[in-house]
Amino acid sequence: MSAAKNSPLKRCDGHSVGVIITAPELGVLIGDISDGRGASGVGGHVFDAFGSYDAAARGEVWEETGLIVTSLLPLFEEPMWRLNPCKRGDGPEGPGHFWQLYLAEVEGILTPDEKSFRNLRWVSEAQLQELAERTLCYARGEITREEWEASPGLTFSWVLWFVLAGMIEMAEAELQEIEDAMLNDTSNRP
């Protein structure tokens, strides 16, 4: 999520995109969010600077990675509501966002936006699974904040996205533990 897009001066519009960038020879592109919340794909609010979900997905990829989207596939027929708090505060519909999640292929030279990501990298689905399991351990309190910041897993909000994209597996009860942690951890607001 772009730090510029999430500045405290902007109100939450209640609409967000998440973009999972894949390349057959490289894997999945993720980065550790600069504020320490963990690793995620590209994402951001829709109507801050864009007129549609598709435009926001393409624009956020460009802003956060310097890459150009060549293929964009939405995972949901219509944006889905998700109760996830926002560090900007509640949007027009209350706490949560209408989300559209995309799978994308890209071209160009990777030039990470340092305000958005540190350690932007390509990982395998097996590595994504390991990061999700670390997130579950953090949600359970088995990892301290200091240990998390030294070696984060996926952000709470992105575990579900990778499950829905079929890239990782997690039991429903484990997903619920992570969702509950997302709702209760005020330091972890997308």
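The values are calculated or read from the model by the stated rules, or taken from the named source; none is laboratory data. Given the structure is predicted, the values throughout are model-derived calculations rather than measurements. Using ideal geometry, Cβ is built from the backbone for each residue, glycine included, and neighbour counts are taken over all protein chains shown.
Just to verify a result, which residue in the stretch 12-71, among those that are part of a strand (DSSP E or B), of a type in the set (Ser, Thr, Tyr) and over 25 Å from SER151 (Cα atoms), is nearest to the chain's Cα centre (by Cα)? It comes out as SER16. Quick check: anything in the stretch 147-157 free of Cβ contacts under 8 Å to residues at least 40 places away in the same chain, closer than 25 Å to LEU73 by Cβ and out of contact with any Pro (no Cβ under 6 Å at 6 or more places or on another chain)? Scanning the stretch 147-157 turns up no residue that is free of Cβ contacts under 8 Å to residues at least 40 places away in the same chain, closer than 25 Å to LEU73 by Cβ and out of contact with any Pro (no Cβ under 6 Å at 6 or more places or on another chain). For the stretch 179-190, a residue qualifies if it is in a loop (DSSP other than H, G, I, E, B) and out of contact with any Cys (no Cβ under 8 Å at 6 or more places or on another chain), and the qualifying residues are ASP185, THR186, SER187, ASN188. Pairing residues of the stretch 46-59 that are over 12 Å from LEU101 (Cα atoms) with residues that are among the aliphatic types (A, V, I, L, M) and modelled with pLDDT under 95, at Cβ distances under 7 Å and at least 6 apart in sequence or on separate chains, gives GLY59/ALA49.
Might you let me know whether the stretch 44-58 holds any residue that is closer than 25 Å to GLN129 by Cα, surrounded by 18 or more Cβ atoms within 10 Å (Cβ to Cβ) and in contact with a helix residue (DSSP H, G or I) (Cβ under 8 Å, 6 or more places away or on another chain)? Please lay out each step first, then the result.
Looking only at the stretch 44-58, we keep the residues that are closer than 25 Å to GLN129 by Cα, and these are 44, 57.
If we keep only those that are surrounded by 18 or more Cβ atoms within 10 Å (Cβ to Cβ) too, we end up with 44, 57.
Narrowing the set further to residues that are in contact with a helix residue (DSSP H, G or I) (Cβ under 8 Å, 6 or more places away or on another chain) leaves 44.
Scanning the stretch 44-58 turns up at least one residue that is closer than 25 Å to GLN129 by Cα, surrounded by 18 or more Cβ atoms within 10 Å (Cβ to Cβ) and in contact with a helix residue (DSSP H, G or I) (Cβ under 8 Å, 6 or more places away or on another chain).
Note on the stretch 108-136: residues that are under 21 Å from VAL163 (Cβ atoms), in contact (Cβ under 8 Å) with a residue 40 or more places away in the chain and among the small types (Gly, Ala, Ser) amount to 1.
Take the stretch 83-101 and flag every residue that is surrounded by fewer than 17 Cβ atoms within 10 Å (Cβ to Cβ) and under 21 Å from VAL159 (Cα atoms). Give the derivation first.
Taking the stretch 83-101 first, the residues surrounded by fewer than 17 Cβ atoms within 10 Å (Cβ to Cβ) are 83, 87, 89-90, 92-95.
Selection gives LEU83, LYS87, PRO95.
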